[in-house]
Amino acid sequence: MPAKRVTPNSDPLPAQRRPKLRPIEGGRVALPPHETRGAMPLESCLHLRRSVREYSGAPLRLAQLGQLLWALQGVSGLGGLRTCPSAGAIYPLRTYVHVCRVEGAKPGLYRYDADMNAIEALWHGDRRKSLAAAALGQECVEQAAAIVILTSDYRRITRELGERGRYVTHVEAGHAGQNFLLQAAALGLGAIGLGRFDPDIAASLLELPEDEEPLYLLLAGHPAST
Ligand SMILES: Cc1cc2nc3c(=O)[nH]c(=O)nc-3n(C[C@H](O)[C@H](O)[C@H](O)COP(=O)(O)O)c2cc1C
């Protein structure tokens with residue numbers, strides 16, 4: 001099937017993916033320290049978690065975004081061990097977030113720096129419409145306050161585990177996604193994981209590095225009904 005083209009609604013579509021996308025100077029946003037205690041027991045988070053597809057226009061606080069990212073891939077132990085288990089502690093997942101409405105961070109694409117507990121701007125702008133088109137028209141993508149893009153960098157894990165490395169990376173994305181969804185439930189936020197999107201188009205319009213494959217989109221925001 002020929003590749004579909006999607007036109008971003010702000011910055012122009014890059015002629016090709018730019019493997020050397022660099023952080024914008026001065027575009028680093030420090031995230032508030034994460035919480036390690038919450039008001040809601042795990043059992044209640046498990047009970048309450050539901051996929052949310054309609055979001056209000058209310059912004060997330062930076063601390064809420066930081067907490068979600070920490071649950072997804074944050075550092076929780078000595079030597080850089082994370083909230084999410086990883087085969088051989090190789091950590092092949094990379095985390096990006098398209099900020100749409102977050103207090104204290106301009107709209108745009110950021111890379112999550114787990115070690116520094118910060119997000120680094122890669123470009124500023126709003127490509128939600130194009131991303132929704134890449135997600136086969138799923139409107140929730142346009143409504144979310146933040147769109148997390150979980151990608152995989154298979155280079156080291158396939159060196160160590162061979163082709164099995166791809167499989168375990170996908171398993172790991174599931175672990176990370178569930179952390180995110182349960183954390184959203186604990187914060188009283190809405191969230192959903194999306195697998196129905198074209199990874200090539202998403203990678204192209206977000207200008208992700210050539211050697212990374214988008215695996216999972218995770219949306220978060222305030223549910224429309226509350
Ligand atoms: C890997 C994965 C991919 C998913 N992709 C989509 C998707 O693209 N669009 C969507 O609306 N829901 C998607 N979902 C959410 C499921 O539809 C949802 O989990 C299911 O209907 C059960 O509902 P619940 O999450 O509220 O319990 C996905 C769920 C998983 C685990």
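For the range 54-221, the dipole from Cβ point charges (+1 on Lys and Arg, -1 on Asp and Glu) about the Cα centre works out to 260 debye, to the nearest 20. The distance separating the Cα centre of the range 20-46 from that of the range 191-226 comes to 17 Å. Coupling constants for the range 45-59 follow from the phi torsions by the Karplus curve (6.51 cos²θ - 1.76 cosθ + 1.60, θ = phi - 60°), and in residue order they are 4, 4, 5, 7, 4, 9, 6, 10, 10, 10, 10, 7, x, 5, x Hz; glycine and proline get x. Scalar couplings 3J(HN,Hα) for the range 113-118, obtained by applying the Karplus form with A = 6.51, B = -1.76, C = 1.60 to θ = phi - 60°, are 9, 5, 5, 9, 6, 8 Hz; x denotes Gly and Pro.
Across the chain, the fraction of Cα-Cα pairs farther apart than 21 Å, rounded to a whole number, is 53%.
Put simply, when 83-90, 65-72 are sorted by average Cβ atoms within 10 angstrom per residue, most first, you get 65-72, 83-90.
Tally Lys and Arg at +1 and Asp and Glu at -1 over the other residues with C-beta under 12 Å from the C-beta of Pro23: what net charge comes out? Here the count lands on +1.
Between Ala224 and Val75, the modelled label-to-label distance comes to 4.0 nm, taking each label 7 Å out from Cα in the direction of the beta carbon.
Given R0 = 35 Å, the distance between the Cβ atoms of Arg50 and Arg22 translates into a calculated FRET efficiency of 0.35.
Every read-out reported here was derived from the displayed coordinates using simple, explicitly stated rules and does not represent laboratory data. Computed from a prediction, not measured in an experiment: that's the story for all the values here. Note: ideal-geometry Cβ built from the backbone for every residue, glycine included; neighbour counts use all protein chains shown.
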